[in-house]
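Just so it is clear, none of the values below were taken in a lab; they were calculated from the coordinates. This one's a predicted model, so the numbers in the text were calculated from it and none came from an experiment. Every residue, glycine among them, receives a Cβ derived from its backbone with ideal geometry; neighbour counts consider all protein chains shown.
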Amino acid sequence: MNKMALKLSLRLGVAAFALALLAGINYARESPGGTPSCGLGLPPDAPGFAEAEARIALESKQKGYQQVCDANLERYRIRFQPLAATLENLAFQPVDLSRTPFARFRSLGALPERSNGRHTGVYRGFRTTDGHKVTLFEQDMSVDGISRWRDPKDEPERINGLPARLDVFHTPAGKALSLLSWVEGRRDYQLWIDTSVANTPARAQLFALAASLPASVPACPGEVPPQPVRIGHDGLPIHEMPLTLPIDEDSAAPGDGKRACK
């Protein structure tokens, strides 16, 4: 295995572990006393995983939200940096928000996210006119050739006709967070607000914010299209190696978040 292939293999392994970890901490397990407790939950290939997911789905359907511990909301706390400097070093062009309701909000800054050594994602924070904190995350998957597999059964919502998922989290301390996630072309989106939209007018407002985003333009329009995801015997996706490979990090300038498409 050459140096480039070895690096890519290690990155994919770390990325898969990180995704599994984040997926696990989204939910809290119920303790015998009914108080949520923090925990990673069951991995997808563990016995009882389907039953645990069914319990979460039932709770969301009955209550309109999931009961989680306070620590589970910490990953949604973003320490934003100056907006202009952050956007200059991205490997893609984030969607223009100047003609959307976001333009009426106060900007809190931005934070880049690296994938395979490049800034392929960005968080942008806002303070709404009624004082809530809204965060928009977007990732251009054409930059490093990755794909997202999303179970259609988990995406009953629609944003501009695209499948979407809404998760609402409540904590015993009274904190709440509502998260919308969807994919548009080669752009992966997450939009969340620091309040519960369950059974409130804020739900329609959150969806309207998501629907206001203009169409994205992939940074690498000439990339080899990703192969359709294959599902294994366990009902889970089989992860393939990306066909669009990032340039070797050794050839990139230090601190440079950009890349040339291959």
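Give the long-range amide H neighbours of residue 108: residues separated by 5 or more places, or on another chain, with amide H under 5 Å away, using H modelled in the peptide plane at 1.01 Å from N.
Long-range HN contacts for residue 108: 125, 126, 127.
Taking θ = phi - 60°, what integer Hz values does the Karplus form 6.51 cos²θ - 1.76 cosθ + 1.60 yield along the stretch 168-185, in sequence order, with x for Gly and Pro?
10, 10, 10, 10, x, 7, x, 7, 8, 8, 10, 10, 9, 9, 6, 10, 10, x
Using the Karplus equation 6.51 cos²θ - 1.76 cosθ + 1.60 (θ = phi - 60°), what ³J(HN,Hα) coupling, rounded to whole Hz, does each residue of the stretch 190-196 give in order, writing x for Gly and Pro?
Listing the rounded values in order: 9, 9, 9, 9, 7, 7, 8 Hz.
Scale the Cα Rg of the stretch 65-211 by the rule-of-thumb value 2.2 N^0.38 Å and send over the ratio, two decimals.
Compared with the compact-globule rule of thumb, the stretch 65-211 sits at 1.03.
For residue 69, list long-range residues whose amide hydrogen, built 1.01 Å from N in the peptide plane, is under 5 Å from its own amide hydrogen.
Correct list: 28.
Per residue of the stretch 118-132, in order, report the coupling 6.51 cos²θ - 1.76 cosθ + 1.60 (Karplus, θ = phi - 60°) as ³J(HN,Hα) in whole Hz, putting x for Gly and Pro.
So the Karplus estimates, Gly and Pro as x, are 10, 7, 9, x, 8, 9, 10, x, 9, 10, 6, 5, 9, x, 7 Hz.
Between beta-carbons, use under 14 Å as the cut-off and find the net charge around residue 202, counting Lys and Arg +1, Asp and Glu -1.
0
Under 5 Å between amide H atoms, partner at least 5 residues away or on a different chain: which partners does residue 78 have, H built in plane at 1.01 Å?
none
With 10 angstrom as the radius, rank 143, 197 by how many other C-beta atoms surround their C-beta, starting from the fewest.
Least crowded to most crowded, the residues run 197, 143.
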